[in-house]
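Presented below is the structure to which this report refers.
Only the coordinates and a few stated rules stand behind these numbers; no lab work does. Please read all numbers here as calculations on a predicted model, not as lab measurements. Cβ sites come from the backbone with ideal geometry, for glycine too, and all protein chains shown count toward neighbours.
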Amino acid sequence: MGLAISVATGMYGISFGALAVTAGLTVWQACALSALMFTGGSQFAFIGVIAGGGTGAAAWGAATMLGIRNGIYGMQIKALLRPSSRRIPLMAQITIDESNATATSQDILAEQHRGFWTAGVGVYVLWNLFTLVGALAGDAMGDPKQWGLDGAACAAFLGLLWPRLKSRDPIAIAVVSAAITVITIPIVPPGIPVIIAALVTAVVWEWRHHGDGATPDEGATP
């Protein structure tokens, strides 16, 4: 699973590289974002603001807000895998949607470790490699949107989400979150709709599992 996710996610680094160059970044600036920021959603938010004429501060703000989820992942992964202190800085760098999803989907601790490291390191290496490929090819490709590369990231996230929609509660929350995101896109700056949807999801989840007196373990029957 980790290897498959690494290849699939790494390849759409091409879209980031191409879109970053189109937005006005140099090849090496695009590569630096992938190597240092290394969180696809934040990277796409950053170049989206830049491409729209926004300032560097606005781009940084949008990327930071969208990256909040990685801090939450970090707490979850630390509690799950119980890493040694010397490994935490490295693990923090590769804690992303894919490594978190691969680790938490396993039932055995050894497989959780294997999944985290395989997906995290695999995505990091391939994402940076294909960012370079996309950035170098960006000018030759013309408008990346003509190739559908602007939708590659959304497709990958949907692929990670889909297997988790196994009951009515997650499906309902996903539908509401998607609707909120679509409604707020033309109203607020890039990157903010996802944060708003996440906050609404957290409120709904809290109300669903605690508002009626149920515990998270018990759940609540609709």
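Which of the trypsin sites (Lys or Arg not before Pro) across segment 8-97 are loop residues per DSSP, with 16 or fewer other Cβ within 10 Å? Intermediate values should be presented prior to the final figure.
Values: sites: R69, K78, R86, R87; in loops: R86, R87.
Within segment 8-97, the qualifying trypsin sites (Lys or Arg not before Pro) (loop, at most 16 other Cβ atoms within 10 Å) are R86, R87.
Calculate the length of the line joining the C-alpha centroid of segment 42-114 to that of segment 167-187, in whole Å.
22 Å
What is the order of V123, V21, fewest Cβ neighbours within 10 Å to most?
Exposure proxy ranking, most exposed first: V21, V123.
Would you compute, for the Cα atoms of segment 2-164, the largest minus smallest coordinate along each principal axis and list the three values in descending order, in whole Å?
46, 31, 27
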